[in-house]
Amino acid sequence: MNKRISIIGCGWLGLPLAAELVINGHSVKGSTTSADKLDLLKAAGIDPFEVKIFEDKIDGNIHDCLKDSEILIINIPPGLRKHPNSDFTEKMALLCEHIEHSEIEKVLYVSSTSVYEESSDMPIITEESTPNAQSETAKQLIATEQLFKTNQNFQTTIVRFGGLIGDDRDPSKFLSGKKEVKDPLGPVNLIHQHDCIGIIKAILKNEHWQTEFNAAAPQHPTKEVYYTTVCDAKNLPRPQFDHSSLSNGKFISSKKVEQILKYVFLHTL
């Protein structure tokens with residue numbers, strides 16, 4: 001059944017997701033913060049809107065971006081590295097007010113497995129695990145998740161992705177040549193762009209709402225083994241790892257994605 005979908009954040013993940021949903025026959029509206037990308041969205045069959053969300057206002061036609069859609073996918077990173085003083089949760093609270101006054105019935109919020117703290121115990125993380133990370137970005141993501149989960153005006157599903165990789169986001173370049181890299185024995189939790197898109201499509205197709213999914217490739221090589229291997233494959237300088245202290249880490253389990261969504265990962269590590 002074709003769906004009416006709005007996507008806030010047509011960036012690295014949101015744009016190819018939107019384009020594929022259009023190919024699959026869905027009606028898709030999409031937002032970008034750059035006027036230069038409007039034609040790119042339009043060429044992909046997406047109804048484009050330039051929308052910028054601040055703590056105290058939203059610039060752009062957010063009303064029409066949400067209008068007539070039944071599903072909203074929110075795919076905006078907090079961006080606290082570039083803007084450390086910004087309040088991402090406050091921005092999402094303002095967006096939430098607009099959603100409440102729209103026809104949106106269901107929200108899919110794209111979050112991150114960074115909401116879970118790493119430790120020397122290297123716990124297996126499932127959807128039953130409590131988000132407990134202490135970085136400022138993690139705290140704001142956790143607060144934002146709660147903001148949407150507790151809103152009674154629409155149904156929300158949270159999908160938390162591991163580290164994002166893809167055809168134009170080569171993991172060999174992440175650590176190549178770096179010195180004193182911490183946590184060499186910590187497990188890798190990465191997921192390919194294609195699998196992110198596939199999982200979101202599976203959630204939409206199977207109507208899994210009011211729930212949460214954690215997603216990373218099922219294989220978890222150590223950071224040292226993985227990044228040494230991918231750098232060697234590209235003839236790039238290997239990273240140098242620091243073994244002087246205990247490694248921290250976590251294992252992100254994707255069992256729920258595989259069992260409930262019946263999803264088979266396209267990319268392995």
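Sub-7 Å Cβ pairs linking a first residue in the range 252-269 that is farther than 17 Å from residue 208 by Cβ to a second residue that is part of a loop (DSSP other than H, G, I, E, B) and among the aliphatic types (A, V, I, L, M), at least 6 apart or interchain, are 252/216; 265/217; 267/217; 268/217; 269/188; 269/217, ordered by first then second residue.
Just so you know, in the range 51-60 the residues that are farther than 13 Å from residue 6 by Cα and out of contact with any Asp or Glu (no Cβ under 6 Å at 6 or more places or on another chain) include one that is surrounded by the most Cβ atoms within 10 Å (Cβ to Cβ), and it is 53. Candidates are the residues of the range 1-34 that are under 21 Å from the mean Cα position of the chain (by Cα) and of a type in the set (Val, Ile, Thr); the one that is farthest from residue 51 (Cα to Cα) is 22. Filtered by the rule that a residue be touching a Lys or Arg at 6+ places or on another chain (Cβ under 9 Å), under 25 Å from residue 131 (Cα atoms) and not in a helix (DSSP H, G or I), the range 94-112 gives 109, 110, 111, 112.
Take the conditions (1) closer than 18 Å to residue 117 by Cα; (2) over 16 Å from the mean Cα position of the chain (by Cα); residue 160 misses just one of them, which is (2).
Residue-wise test of (1) of a type in the set (D, E, K, R); (2) within 23 Å of residue 14 (Cβ to Cβ); (3) buried (at least 18 other Cβ atoms within 10 Å of the Cβ); (4) in contact with a Cys (Cβ under 6 Å, 6 or more places away or on another chain).
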residue	(1), (2), (3), (4)
158	no, yes, yes, no
175	no, no, yes, no
185	no, no, no, no
192	no, yes, yes, no
197	no, yes, yes, no
200	no, yes, yes, no
203	no, yes, yes, no
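For the range 35-44, state whether one or more residues are modelled with pLDDT of 95 or more and within 17 Å of the chain's Cα centre (by Cα). Within the range 35-44, none of the residues are modelled with pLDDT of 95 or more and within 17 Å of the chain's Cα centre (by Cα).
Of all residues in the range 48-71, none are more than 23 Å from residue 144 (Cα to Cα), touching a Gly at 6+ places or on another chain (Cβ under 6 Å) and either of a type in the set (Val, Ile, Thr) or modelled with pLDDT under 95 (or both). Scan the range 79-96 and tell me whether some residue there is under 16 Å from residue 57 (Cα atoms) and in contact (Cβ under 8 Å) with a residue 60 or more places away in the chain. Yes. Selection of the range 163-200 for residues being under 12 Å from the mean Cα position of the chain (by Cα) and of a type in the set (Val, Ile, Thr) yields 165, 191, 197, 199, 200. Taken together, the criteria place residue 71 among residues that are of a type in the set (A, V, I, L, M), surrounded by 13 or more Cβ atoms within 10 Å (Cβ to Cβ) and touching a Lys or Arg at 6+ places or on another chain (Cβ under 7 Å).
The values are calculated or read from the model by the stated rules, or taken from the named source; none is laboratory data. This structure is a prediction, so every number in the text was calculated from the model and none was measured. Quick reminder, even Gly has a Cβ in these numbers, built from the backbone with ideal geometry, and neighbours come from all protein chains shown.
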